[in-house]
Amino acid sequence: MSSAAQRAELQSQIWKIANEVRGSVDGWDFKQYVLGTLFYRFISENFSNYIEGGDDSINYAELDDSIITKEIKEDAIKTKGYFIYPSQLFSNIAKEANTNDSLNTDLAEIFSAIESSANGYPSESDIKGLFADFDTTSNRLGNTVKDKNSRLAAVIKGVERLNFGKFEDNQIDLFGDAYEFLISNYAANAGKSGGEFFTPQCVSELIAKLAIHGQSTINKIYDPAAGSGSLLLQAKKQFDEHIIEDGFFGQEINHTTYNLARMNMFLHNINYDKFNIALGNTLLDPQFGNDKPFDAIVSNPPYSIPWIGSGDPTLINDERFAPAGVLAPKSKADFAFVLHALSYLSSKGRAAIVCFPGIFYRGGAEQKIRKYLVDNNFVETVISLAPNLFYGTSIAVNILVLSKHKTDTKTQFIDASGEDFFRKETNNNVLTSDHIDAILELFANKKDIDHVAISVDNDKIAAENYNLSVSSYVEARDTREVIDIVELNAEIKKTVTNIDRLRAEIDEIIAEIEVG
């Protein structure tokens with residue numbers, strides 16, 4: 001099945017499931033149940049494949065729980081990070097979903113058992129709470145147990161009908177496509193908690209490719225505002241010719257999204273010992289100071305959110321912020337995320353960060369931070385993207401590329417906001433693979449191209465008060481019509497002559513009428 005056909009079937013099936021529970025579960029809440037069920041099915045099949053080991057004579061789902069020995073269980077947990085008994089597998093629960101009067105409580109017990117199977121093992125922190133947002137007893141599913149079971153069964157049977165064979169063999173990113181599809185349809189109701197901070201796959205691909213450009217090996221990759229993990233996973237997809245040696249790291253402040261990120265790692269066959277996703281406030285409680293530096297950093301932090309800033313006098317002494325000599329404003333934490341990323345970046349790596357355009361030209365503390373970045377030659381490129389690429393906002397964002405290994409003292413500016421760099425679709429603009437390749441080519445060769453790209457000496461940027469707005473350096477194309485004045489005057493003269501001739505003819509006609 002082609003990727004387009006798989007995607008169409010996936011979206012069609014999701015809407016069938018949505019119609020089953022429409023009116024009872026809010027779209028944003030519904031997303032949690034579909035994705036949680038997708039995850040449950042995936043880890044069930046993944047675990048079965050591991051136990052069976054490619055032996056067609058073994059069907060794990062048909063085995064009796066009692067034959068599972070302690071040694072089998074321990075070995076499985078050490079390898080996969082969790083354990084699922086045959087009776088707990090998605091396929092066995094799905095068989096009886098429509099007739100199981102205790103479906104909601106059975107699911108709750110299974111999810112609890114899967115999570116607790118990792119207790120005391122190295123994978124405990126990666127498994128704990130994975131199903132926390134899949135609340136099978138929630139009144140959002142219905143007021144009675146019967147209603148809850150009916151809607152849970154509808155979701156389970158719908159996900160069961162997804163016929164893509166083995167998840168890992170899909171032509172598309174099943175989980176990512178489901179997530180993006182749901183957000184694209186529900187972002188209007190989800191507000192900032194959903195659409196605005198979700199990074200579309202096309203933008204994620206561009207950011208990942210910018211961060212890993214030119215590196216043959218990477219020690220590890222990090223996202224300080226990880227969201228659902230889409231940026232980290234796009235980096236994984238781009239590494240056909242590269243090696244990520246020590247895995248994927250990320251921190252996320254929202255508990256629901258943190259769970260989605262961990263699920264997403266498993267769904268992409270990244271084992272628990274190859275990722276570390278932490279819950280918490282990156283700016284005030286960073287979790288990976290002992291794991292830095294990172295050769296690749298990708299991030300789409302929330303735009304211009306408030307933070308404590310100068311309200312905490314100890315922060316100016318924090319090694320992440322101290323070198324700049326000033327903290328990001330209390331009302332706008334954007335540059336706090338930028339400085340955090342820079343602090344965690346290795347001497348050979350790159351950070352690619354989605355930024356709100358205002359931080360590149362506003363004054364005050366933000367100007368002082370820009371001065372620090374430019375004077376120390378950390379800014380490699382600023383890229384202006386097209387508007388309306390993100391769900392829930394039409395903002396035309398920028399990508400800031402930071403580097404600690406530049407060989408010149410120039411900063412590159414790329415205007416990729418024109419119609420040559422995006423495709424219009426019904427609700428949002430998108431970047432095609434051709435657009436991404438074109439932007440990467442501009443980034444890589446650093447050639448100046450009129451109205452598109454230019455590299456500017458840092459001294460000139462200093463003279464411009466450290467303004468880093470792309471429009472200040474890339475001259476916009478003049479789309480006004482060019483008028484040939486000589487030709488225009490000739491046309492006017494010809495027109496006036498014709499008017500005079502017509503007037504004379506009219507006068508003659510009127511004179512003949514009066515004489516007659």
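The values are calculated or read from the model by the stated rules, or taken from the named source; none is laboratory data. As the structure is a computational prediction, the values presented were derived from the model and not from experiment. Glycine also receives a Cβ, built like all others from the backbone with ideal geometry; neighbour counts cover every protein chain displayed. The area values use the complete protein model at the heavy-atom level, side chains included, leaving out ligands, DNA and RNA. Shrake-Rupley method; radii C 1.70, N 1.55, O 1.52, S 1.80 Å.
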What does the helix-only formula give at 222 nm for the chain: each DSSP H stretch with n ≥ 4 adding -39500 (n - 2.57), the total divided by the residues, and the result rounded to the nearest 500 deg cm²/dmol?
-13500 deg cm²/dmol
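Considering only DSSP states other than H, G, I, E and B, which GluC sites (Glu not before Pro) in the range 290-387 qualify as loop sites with at most 13 other Cβ atoms within 10 Å?
Details: sites: Glu319, Glu366, Glu380; in loops: Glu319.
For GluC sites (Glu not before Pro) across the range 290-387 that sit outside H, G, I, E and B with at most 13 neighbouring Cβ atoms in 10 Å, the list reads Glu319.
Indicate, rounded to the nearest 5 percent, the antiparallel portion of the DSSP beta bridges found entirely in the chain.
Working: 19 of 41 bridges.
Of those bridges, close to 45 percent are antiparallel.
Note the full-extension length gain between Ala462 and Lys406 as 0.36 nm times their separation in residues minus their Cα-Cα distance, in nm to one decimal. Numbers along the way, then the final one.
Details: separation 56, 0.36 × 56 = 20.16 nm, distance 1.78 nm.
Here the segment from Ala462 to Lys406 would lengthen by 18.4 nm.
Taking every DSSP beta bridge with both residues inside the range 376-516, roughly what % is antiparallel (nearest 5)? Numbers along the way, then the final one.
Values: 13 of 18 bridges.
In the range 376-516, DSSP labels about 70 percent of beta bridges as antiparallel.
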Relative contact order for the chain: what percent, with Cα pairs under 8 Å and sequence separation of 6 or more?
11 percent
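Give me the accessible area per residue for the chain, probe 1.4 Å, as a whole number in Å². Before the final figure, lay out the partial values.
Numbers: 23790 Å² over 516 residues.
Here the residues of the chain average 46 Å² of exposed surface.
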Could you pull out every residue, at least 5 positions away or on a different chain, whose amide H is within less than 5 Å of the one on Lys404? Hs are placed 1.01 Å off N in the peptide plane, and Pro or chain starts have none.
Gly349
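Treat every Asp and Glu Cβ in the chain as -1 and every Lys and Arg Cβ as +1, leave all other atoms uncharged, and give the resulting dipole magnitude about the Cα centre to the nearest 20 debye.
Numbers: 49 positive and 74 negative charges, 243 e Å.
It works out to roughly 1160 debye.
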Answer with a single label: of [x] 3, 17, 25, 21, 14, 8, 4, 3, 2, 2, 1, 0, 0; [y] 4, 18, 27, 25, 17, 8, 2, 0, 0; [z] 3, 15, 23, 26, 19, 9, 3, 1, 0, which was calculated as P(r) over Cα pairs in 10 Å bins from 0, in percent from the structure in view?
[x]
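Roll a 1.4 angstrom probe over the protein heavy atoms and tell me the percent of accessible area of the chain that is carbon or sulfur.
Numbers: 11340 of 23790 Å².
Answer for the chain: carbon and sulfur cover 48 percent of the accessible area.
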For the chain, the charge dipole (Cβ of Lys, Arg +1; Cβ of Asp, Glu -1; about the Cα centre) points to a positive end, and the Cα of Phe83, Val401, Ser44 closest to that extreme belongs to Phe83
Qualifying lysines (Cα of each under 29 Å from Cα of Lys16; at least 8 residues distant if same chain):
Lys31, Lys95, Lys146, Lys148, Lys157, Lys166, Lys192, Lys424
Using a 7 Å offset from the Cα along the Cα-to-Cβ direction at both Asp434 and Gln238, what is the distance between the two label points in nm, to one decimal?
2.1 nm
When the label point is put 7 Å from the Cα of Asn49 along its Cα-to-beta-carbon vector, which residues of the range 67-82 have a backbone N closer than 15 Å?
80
Whole-Hz ³J(HN,Hα) for each residue in the range 434-447, computed from phi via Karplus 6.51 cos²θ - 1.76 cosθ + 1.60 with θ = phi - 60°, x for glycine and proline: what do you get?
5, 5, 4, 4, 5, 5, 5, 5, 4, 5, 6, 8, 6, 7
With label points built 7 Å along Cα→Cβ from the Cα atoms of Thr256 and Lys73, find their separation and express it in nm.
3.4 nm
Listed by chain and number, the lysines with an alpha carbon less than 20 angstrom from that of Lys368, same-chain partners under 8 positions apart left out, are Lys330, Lys332, Lys404, Lys410, Lys460
If amide hydrogens are placed 1.01 Å from N in the peptide plane, which non-local residues have theirs closer than 5 Å to the one on Phe275?
Phe248
Fully extended, how many nm does the chain gain between Lys146 and Asp375 (0.36 nm per residue separation, minus their Cα-Cα distance)?
75.9 nm
Counting only other residues whose beta carbon sits under 14 Å from that of Asp500, what net charge do I get with K and R as +1, D and E as -1?
+1
Hey, what's the Cα Rg ratio for the range 15-156 versus the globular rule of thumb, 2.2 N^0.38 Å?
1.09
Once you have the Cα-Cα distance between Ser472 and Arg161, take 0.36 nm times their residue separation minus that, and quote the gain in nm to one decimal.
106.6 nm
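Once you order the gyration tensor axes a ≥ b ≥ c over the Cα atoms, which shape class does the range 273-403 get: rounded for a/c under 1.5, otherwise prolate or oblate by comparing a/b with b/c?
Numbers: a/c = 1.28, a/b = 1.09, b/c = 1.17.
Verdict is rounded for the range 273-403.
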